[in-house]
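The values are calculated or read from the model by the stated rules, or taken from the named source; none is laboratory data. The shown structure was predicted, so the numbers you read here are calculated from the model rather than taken from an experiment. Reconstructed Cβ throughout: ideal geometry from the backbone, glycine too, with neighbour counts over all protein chains shown. Ligands, DNA and RNA are excluded from the accessible area calculation, which covers all protein heavy atoms including side chains. Shrake-Rupley method; radii C 1.70, N 1.55, O 1.52, S 1.80 Å.
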Amino acid sequence: MLTVVAFIVALGLLIAVHEYGHYRVAVACGVKVERFSIGFGKVLWRWQPKGSPTEFVIGAFPLGGYVKMLDEREGPVDPAERHRAFNTQTVGKRAAIVAAGPVANLLLAVLLYALVNWSGVQEPQAVLASPVPASMAEQAGVRGGERVLRGAWDGDTLQPLRSFEELRWLLTRGALDGHDVRLELDAQGATRELVLPLAQMGVREADAQLFRRIGIVSPWTQPVIGEVVADGAGAKAGLQSGDVVLAIGSTPIVDGPQLRETIRASVRGEEPLTQRWRIERAGQRQDIEVTPQALREGETWIGRIGAMVGAPPAMVTVRHGPIDGLWNGVVRTWEVSALTLRMMGRMVIGEASLKNLSGPLTIADYAGKSASLGLTQYLVFLALISVSLGVLNLLPLPVLDGGHLMYYLWEAVTGKGVSDAWMERMQRTGVALLLVMMSIALFNDVTRIFG
């Protein structure tokens, strides 16, 4: 039920803001708006303010909306109102009306990010766990337990990093944009700098394997066993919730991520390796033998013990002032928009997988998950989807707002509009491309959720 409600609220808000952008600018330009609709199909609710020419409605099919304006191309127009028709407006006004929808979504994202910045969010502290063996971080000298004080692309001025999420975002952008990242670390009072050569990675998309290659996967946590699954490998070995793992074989365990990596590596092909664990339980140390379960992950086999591994990380509240919070909202919206465009471009030229496309089922799933984590995470989810909607609609694809802007650019340059014949051909092409994209997105949804 939470997933359904969160999805409906997200759709309603994002569509309403998008269409309101078109509506508000149309009215400001003197265009008569006949209908403002959220959803398509059978009208479930309608309202027309007294003295207003606009009818506001909610349709039965919620995946979209529209603003119907007076237009001579759609029917007869009273000569007395011809000056209020959309098609009689200047190119600049028509372009402004069309662009207002996507811009409204981007402005909404700025506001949502700003609200999160102002209210504050609990995030893991920027303390590094033990790096993945043979990874870039390990080769750069990361040992685990260091606190990240500042970071930036190599050559830029170092900026404070207040949480592990800010660090992950810096690493993501650095890897995708091909920039080395410089970090300032504090290890037990000693400050030093290191450079992660992310530019040489040639990364095309951000996924879990990206951070494994970098070597910075998660923040530092205590190597403690959490909830143990009944009949799992851990339960069969005698592990209990609250056990602190001190060593596996001859390898000392210093934190939760190292413990997870050691468990993952405790297989030889399909065969799990039985190892002696030294644990501390209720102040007493003891040795037990643990045989993980071997599971396939992609093309490799990994070990699992059927238990939560690692304590929750230490948290910090990240909060910004009024000006900083708003500016950071602008910056984050810009960064996410640029990243979205780059990923779309890479999918078009085949450098990134089409599996990155998501449809309504995945959005609904993430809406429910983010809402279950609290209002702050739900606002971040809404901001991300609002950016995606704004960027998608600005693409120069016929039937989308960006396609219409492309027509108006042609008209502004040549002095004449696109012919009806060409308009019809491009609209058909746009519909076909959109249907293909939607089909791929829905296939990805089904594969992710039910596969």
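Looking only at segment 227-265, filter to residues that are in a loop (DSSP other than H, G, I, E, B) and among the acidic types (Asp, Glu); which one of those is nearest to the chain's Cα centre (by Cα)?
ASP255
Of all residues in segment 266-282, which are open to solvent by 20 Å² or more (accessible area, probe 1.4 Å) and part of a strand (DSSP E or B)?
So the first thing to find is which residues in segment 266-282 are open to solvent by 20 Å² or more (accessible area, probe 1.4 Å), and the list is 267-276, 278, 280-282.
Result: VAL267, ARG268, GLU271, PRO272, GLN275, ARG276, ARG278, GLU280, ARG281.
Any chance segment 52-59 includes a residue that's open to solvent by 60 Å² or more (accessible area, probe 1.4 Å) and in contact (Cβ under 8 Å) with a residue 24 or more places away in the chain?
There is no residue in segment 52-59 that is open to solvent by 60 Å² or more (accessible area, probe 1.4 Å) and in contact (Cβ under 8 Å) with a residue 24 or more places away in the chain.
Tell me the residue from ARG168, ARG162 that is under 21 Å from THR317 (Cα atoms), charged (D, E, K, R) and without any contact (Cβ under 8 Å) to a residue 60 or more places away in the chain, please. Steps first, answer last, please.
Working: ARG162 fails: without any contact (Cβ under 8 Å) to a residue 60 or more places away in the chain.
Result: ARG168 is the single residue among ARG168, ARG162 that is under 21 Å from THR317 (Cα atoms), charged (D, E, K, R) and without any contact (Cβ under 8 Å) to a residue 60 or more places away in the chain.
If we scan segment 263-272, do we find a residue that is more than 22 Å from ARG212 (Cβ to Cβ) and not aliphatic (A, V, I, L, M)? Quick ask: steps written out before the conclusion?
Here is the first cut: in segment 263-272, the residues more than 22 Å from ARG212 (Cβ to Cβ) are 271.
Applying the additional criterion that residues be not aliphatic (A, V, I, L, M) yields 271.
The answer is yes, given that some residue of segment 263-272 is more than 22 Å from ARG212 (Cβ to Cβ) and not aliphatic (A, V, I, L, M).
State all residues of segment 218-236 that are of a type in the set (A, V, I, L, M) and either over 28 Å from ARG285 (Cβ atoms) or surrounded by fewer than 16 Cβ atoms within 10 Å (Cβ to Cβ) (or both); if no residue qualifies, say none.
Here is the first cut: in segment 218-236, the residues of a type in the set (A, V, I, L, M) are 224-225, 228-230, 233, 235.
Selection gives VAL229, ALA230, ALA235.
Which one of these does ILE216 not meet: (1) more than 20 Å from GLU166 (Cβ to Cβ); (2) out of contact with any Gly (no Cβ under 9 Å at 6 or more places or on another chain); (3) modelled with pLDDT of 90 or more; (4) part of a loop (DSSP other than H, G, I, E, B)?
With respect to (1) more than 20 Å from GLU166 (Cβ to Cβ); (2) out of contact with any Gly (no Cβ under 9 Å at 6 or more places or on another chain); (3) modelled with pLDDT of 90 or more; (4) part of a loop (DSSP other than H, G, I, E, B), ILE216 is out only on (1).
Residue under question is ALA95, and the condition is that it be touching a Leu at 6+ places or on another chain (Cβ under 8 Å), open to solvent by less than 20 Å² (accessible area, probe 1.4 Å) and closer than 29 Å to VAL413 by Cβ; does it hold? I'd like the intermediate steps shown before the answer.
On the way: touching a Leu at 6+ places or on another chain (Cβ under 8 Å): yes; open to solvent by less than 20 Å² (accessible area, probe 1.4 Å): no; closer than 29 Å to VAL413 by Cβ: yes.
No; evaluated as a whole, the condition is false for this residue.
ARG285 - would you say it is open to solvent by 60 Å² or more (accessible area, probe 1.4 Å), touching a residue at least 12 places away in the same chain (Cβ under 8 Å), part of a helix (DSSP H, G or I) and of a type outside the set (A, V, I, L, M, F, W, C)?
Working: open to solvent by 60 Å² or more (accessible area, probe 1.4 Å): yes; touching a residue at least 12 places away in the same chain (Cβ under 8 Å): yes; part of a helix (DSSP H, G or I): no; of a type outside the set (A, V, I, L, M, F, W, C): yes.
For ARG285, the condition - open to solvent by 60 Å² or more (accessible area, probe 1.4 Å), touching a residue at least 12 places away in the same chain (Cβ under 8 Å), part of a helix (DSSP H, G or I) and of a type outside the set (A, V, I, L, M, F, W, C) - is not met.
Name the residues in segment 119-139 that are part of a loop (DSSP other than H, G, I, E, B), small (Gly, Ala, Ser) and touching a residue at least 12 places away in the same chain (Cβ under 8 Å), would you?
Going residue by residue through segment 119-139, those that are part of a loop (DSSP other than H, G, I, E, B) are 120, 125-126, 129-135.
The next check asks that each one be small (Gly, Ala, Ser); those that pass are 120, 126, 129-130, 134-135.
Of everything in segment 119-139, those that are part of a loop (DSSP other than H, G, I, E, B), small (Gly, Ala, Ser) and touching a residue at least 12 places away in the same chain (Cβ under 8 Å) turn out to be GLY120, ALA126, ALA129, SER130, SER135.
Could you list, in sequence order, the residues of segment 175-194 that are part of a loop (DSSP other than H, G, I, E, B) and either under 29 Å from the mean Cα position of the chain (by Cα) or closer than 10 Å to TRP153 by Cα (or both)?
Those that are part of a loop (DSSP other than H, G, I, E, B) and either under 29 Å from the mean Cα position of the chain (by Cα) or closer than 10 Å to TRP153 by Cα (or both): GLY178, HIS179, ASP180.
Mind listing whichever residues of segment 293-348 are closer than 22 Å to GLN209 by Cβ, of a type in the set (D, E, K, R) and part of a loop (DSSP other than H, G, I, E, B)?
GLU299
Tell me whether segment 322-343 contains one or more residues that are open to solvent by less than 80 Å² (accessible area, probe 1.4 Å) and closer than 30 Å to ALA233 by Cβ.
No, there is no match, as no residue in segment 322-343 is open to solvent by less than 80 Å² (accessible area, probe 1.4 Å) and closer than 30 Å to ALA233 by Cβ.
Mind counting the residues in segment 160-211 that are at positive phi and in contact with a Gly (Cβ under 9 Å, 6 or more places away or on another chain)?
Initial filter on segment 160-211 (at positive phi): 178, 188-189, 202.
Among the residues that remain, those that are also in contact with a Gly (Cβ under 9 Å, 6 or more places away or on another chain) are: 178, 188, 202.
Of the residues in segment 160-211, 3 are at positive phi and in contact with a Gly (Cβ under 9 Å, 6 or more places away or on another chain).
Of the residues VAL142, VAL103, VAL116, only one is part of a helix (DSSP H, G or I), touching a residue at least 12 places away in the same chain (Cβ under 8 Å) and surrounded by 22 or more Cβ atoms within 10 Å (Cβ to Cβ); which? First the steps, then the outcome.
Numbers: VAL142 fails: part of a helix (DSSP H, G or I); VAL103 fails: surrounded by 22 or more Cβ atoms within 10 Å (Cβ to Cβ).
Just one listed residue meets the conditions, VAL116.
Checking the structure you have, find out if any residue of segment 378-387 is touching an Asp or Glu at 6+ places or on another chain (Cβ under 7 Å) and not hydroxyl-bearing (Ser, Thr, Tyr).
No, every residue in segment 378-387 fails to be touching an Asp or Glu at 6+ places or on another chain (Cβ under 7 Å) and not hydroxyl-bearing (Ser, Thr, Tyr).
Among the residues of segment 61-76 satisfying the criterion of being of a type in the set (A, V, I, L, M, F, W, C) and surrounded by fewer than 19 Cβ atoms within 10 Å (Cβ to Cβ), which is farthest from VAL318 (Cα to Cα)?
Keep residues of segment 61-76 that are of a type in the set (A, V, I, L, M, F, W, C), which gives 61, 63, 67, 69-70.
Next, only the ones that are surrounded by fewer than 19 Cβ atoms within 10 Å (Cβ to Cβ) stay: 61, 63.
Values: PHE61: 39, LEU63: 35 Å.
That would be PHE61.
Among residues belonging to segment 1-21 that are open to solvent by less than 20 Å² (accessible area, probe 1.4 Å) and in contact with a helix residue (DSSP H, G or I) (Cβ under 6 Å, 6 or more places away or on another chain), point out the one that is nearest to ARG84 (Cα to Cα).
Per the stated criteria, the residue is GLY21.
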